[in-house]
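The values are calculated or read from the model by the stated rules, or taken from the named source; none is laboratory data. For clarity, every value in this text was computed on a predicted model and none was experimentally measured. Positions of Cβ are generated from backbone atoms using ideal geometry, with glycine treated the same way; all protein chains shown enter the neighbour counts.
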Amino acid sequence: MGLQIDVFSSSPLDNNVILIEEDQSHHAIIVDPSFDPIVILNQIHEKNLIVDTILVTHGHFDHYIGLPFLLANLEPKPHIGLHPQDLPLWREGGGAKEFRVSMEIPPDADLMLADGQILPFGDSTIEVRHTPGHSPGSVTFYLPALTTALTGDLIFKQGVGRTDLVGGNFDQLCDSIRNQIYTLPLDTVLIPGHGLKTTVADEIHGNPYVR
């Protein structure tokens, strides 16, 4: 079975919402359900997908604000994956109040993620890499079958995530990028939480923040 990734841009912060599906079994995983969750739900219904799991790269509100809507409209209820170090951030709304955004806080995640954890997905796997710095529990999801990594707000095309929010640490972020991203195969496609795709090679050679 082959995997397919669809990336949806979600306003108003241009979040990337990612849908991973097996093209034969029609099972799917959602990563970072942000604003406009009806767009993802319509795609799921149109393709008759079964959503097994919803994974969240970190606990800032814009990466899970669409989760309550999806949980209310998906059957059976998918598992929710989050690193436990971001659970306190999750429970207080992920900074939504500071940005004057109203949101419904979803129930706690029931799949606690850990560095090096391998999540089976059909005939493929998703590797969890703990990549703190933007937040204490930030993680990257690496899909070796697609030579692709979903990096959340750790690293962007020629940029890096903010570290001035609560729990951020620039030195830690740089270590995460060097040890967990730059060690991936050079042709690995990086899909960040916002903005354009890039590759490991391009960031090693051109990212002005982390050499």
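Can you find, within region 147-165, the residue that is modelled with the lowest pLDDT among those that are surrounded by fewer than 24 Cβ atoms within 10 Å (Cβ to Cβ) and aliphatic (A, V, I, L, M)?
If we take residues in region 147-165 being surrounded by fewer than 24 Cβ atoms within 10 Å (Cβ to Cβ) and aliphatic (A, V, I, L, M), then Leu165 is modelled with the lowest pLDDT.
Report every pair of residues separated by at least 6 positions or lying on different chains whose Cβ atoms are under 8 Å apart, first residue within region 86-102 and assigned to a loop (DSSP other than H, G, I, E, B), second modelled with pLDDT of 95 or more and among the aromatic types (Phe, Trp, Tyr).
Gly93/Phe61; Gly94/Phe61; Gly94/Tyr64; Gly95/Phe61; Ala96/Phe61; Phe99/Phe61; Val101/Phe61
Is it true that Val51 is more than 25 Å from Gly168 (Cβ to Cβ) and among the β-branched types (Val, Ile, Thr)?
The answer is yes for Val51.
Mind listing whichever residues of region 36-54 are assigned to a loop (DSSP other than H, G, I, E, B), at negative phi and surrounded by fewer than 19 Cβ atoms within 10 Å (Cβ to Cβ)? Don't jump to the end; show me each part of the working.
Taking region 36-54 first, the residues assigned to a loop (DSSP other than H, G, I, E, B) are 36, 47-49.
After this cut, where a residue has to be at negative phi as well, the list is 47, 49.
The one that is assigned to a loop (DSSP other than H, G, I, E, B), at negative phi and surrounded by fewer than 19 Cβ atoms within 10 Å (Cβ to Cβ): Lys47.
Could you tell me how many of the residues in region 82-103 are farther than 23 Å from Ser11 by Cα and either surrounded by 17 or more Cβ atoms within 10 Å (Cβ to Cβ) or modelled with pLDDT under 95 (or both)?
3
How many residues, within region 166-183, are surrounded by 21 or more Cβ atoms within 10 Å (Cβ to Cβ), more than 17 Å from Gly59 (Cα to Cα) and in contact with a helix residue (DSSP H, G or I) (Cβ under 9 Å, 6 or more places away or on another chain)?
2
Taking the residues in region 184-197 that are closer than 28 Å to Ala96 by Cβ and touching a helix residue (DSSP H, G or I) at 6+ places or on another chain (Cβ under 9 Å) as candidates, determine which candidate is surrounded by the most Cβ atoms within 10 Å (Cβ to Cβ).
Gly193
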